[in-house]
Amino acid sequence: MPEGDTLELIARRLQPLVGGVPHIETPLARHAPLRLAEQLAGQTLTAIEARGKHLLIRFDSGLIIHTHLRMSGRWDIGAPGRPTRRSRTTAWLILKDDDLEAILVNGAVLELLTPAQLSLHPSLRLLGPDVLAPDFDATAAAARARRGAPEQTVADVLLDQRVLAGVGNVWKSEILFDCQLDPRTPAAALDDAELSALLQRASELMQAHVASGATQRPVRIYGRGGRDCPVCGTDIRARAQGDEGRRTFWCPTCQPSRAAASPKNA
């Protein structure tokens, strides 16, 4: 399930392509109208960056390839010509040089943007502070959260990419477990310091995972519905939550419920 940490690790693995002129292919006919190979022919790849759950691949002309994996996309990165799980003819995008080949499969979003289009992009321009940015500002993110619907929960806040970019469903459950917060807790029940602390902790946990270089997240509670809590032994609960019905996991003992309250510090 790609989240901000996944995209950051992908961006780091793709860094060897920076500074070179990669070979570009878009094997699927549906992407032929983008004319990526033609429009980017001979151009130097200057930067690859993760922005929340988005990946931006920049070229010296100013053009940017924008991808988003959503639920089904993935990057297959390795040596050119290696065996792959799926045929290269089904790839959305292939970037390669003599030493590295990156294959995007089921990317969900693939587009070529000018700098002006990037600044006006309906999704990218609304993103909150990147949870993995070294200068992540939890106070600014908390201020954005206060603009949300009065009934929003702390789980809603963590998943709102307009508040902070990069947290997905797995990290949502893990962060709330770490902070001992019931996912159904109204965001209004937290004062400004508590809300900022929650968002700061989200940044710390995800940055620590990226810094570790581990490919697997340190999951303690996500996907463990009905099993024993690793801290207290209570059965972990699970339920669909939010407008999209995303699955949330929590321990009712370690994460006691908090009553609704009027917005604090408002």
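The values are calculated or read from the model by the stated rules, or taken from the named source; none is laboratory data. Note that the coordinates shown come from a computational prediction; the quantities given were computed from them, not determined experimentally. Virtual Cβ from ideal backbone geometry, glycine too; neighbours counted across all protein chains shown.
Structure summary
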quantity	calculated
Verdict on Arg201 being surrounded by fewer than 18 Cβ atoms within 10 Å (Cβ to Cβ) and over 18 Å from Gly4 (Cβ atoms)	no
Residue satisfying condition, being within 25 Å of the chain's Cα centre (by Cα), at pLDDT below 95 and outside the structural domain of Gly223 (by TED's automatic domain parsing), within set Ala108, Ala102, Ala91, Ala50	Ala108
Within segment 208-244, considering residues that are assigned to a helix (DSSP H, G or I) and not aliphatic (A, V, I, L, M), the one modelled with the highest pLDDT	His209
Whichever residue in segment 47-70 is free of Cβ contacts under 8 Å to residues at least 60 places away in the same chain and of a type in the set (D, E, K, R) and, among such residues, is surrounded by the fewest Cβ atoms within 10 Å (Cβ to Cβ)	Asp60
Residue that is crowded, with 23+ Cβ neighbours inside 10 Å, modelled with pLDDT of 95 or more and small (Gly, Ala, Ser), where the choices are Ala193, Ala145, Ala138	Ala145
Condition check for Arg30: surrounded by 13 or more Cβ atoms within 10 Å (Cβ to Cβ), over 28 Å from Asn169 (Cα atoms) and among the basic types (Lys, Arg)	no
Qualifying residue in segment 151-163 (condition: small (Gly, Ala, Ser), buried (at least 23 other Cβ atoms within 10 Å of the Cβ) and more than 14 Å from Arg246 (Cβ to Cβ))	no
Qualifying positions in segment 164-183 - assigned to a helix (DSSP H, G or I) and closer than 17 Å to Arg247 by Cβ	Asn169, Val170, Trp171, Lys172, Ser173, Glu174, Ile175, Leu176, Phe177
Selection count where residues are out of contact with any strand residue (DSSP E or B) (no Cβ under 8 Å at 6 or more places or on another chain) and in a loop (DSSP other than H, G, I, E, B), scope segment 78-91	2
Selection status of Arg162, more than 18 Å from the chain's Cα centre (by Cα) and farther than 14 Å from Asp5 by Cβ	no
